[in-house]
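These notes are about the structure you will find just below.
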Ligand code: CA
């Protein structure tokens with residue numbers, strides 16, 4: 001993944017959205033924001049991101065349904081997805097990875113969350 005990569009952040013918490021956006025933009029990424037599944041769909045129609053950060057608890061969709069839909073649609077199947085969850089549950093992690101997510105990150109304190117995401121981005125960048 002190169003600098004200038006486009007990241008779609010689907011998260012309905014505006015504080016987290018702002019934190020992640022700031023952190024990603026500092027790294028040179030272009031951030032697309034969605035606060036619902038409906039918004040995510042319309043953002044995806046505008047541009048194809050290089051990575052999706054998907055909150056499992058969006059107000060208008062079940063995160064698992066949304067993830068399996070993304071992975072079944074030929075237009076979005078190849079986009080890496082990092083599932084972002086408020087729960088630290090091994091079962092949720094397994095479900096997310098089984099459905100095709102590249103990774104699963106639990107939400108913690110904001111600073112910790114940003115560090116985790118930065119590490120994940122770095123790893124994805126090194127794999128590319
Ligand atoms: Ca949420």
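Over the C-alpha trace of the chain, radius of gyration and Dmax come out as 13.2, 35 angstrom. When peptides 51-57, 8-14, 76-82 are ranked by their average number of other Cβ atoms within 10 Å per residue, the highest-first order is 51-57, 8-14, 76-82. Taking every alpha-carbon pair under 8 Å whose residues sit at least 6 apart, the chain reaches a relative contact order of 24 percent.
At 0.36 nm per residue, minus the direct Cα-Cα distance, what do residue 45 and residue 118 gain on full extension? Give it in nm, one decimal, please.
Numbers: separation 73, 0.36 × 73 = 26.28 nm, distance 2.61 nm.
The residue 45-residue 118 span can extend by a further 23.7 nm.
Any read-out appearing in this document is the output of simple, stated calculations on the displayed coordinates, not a laboratory observation. Computed from a prediction, not measured in an experiment: that's the story for all the values here. With ideal geometry, Cβ positions are generated from the backbone for all residues, glycine too; neighbour counts draw on all protein chains shown.
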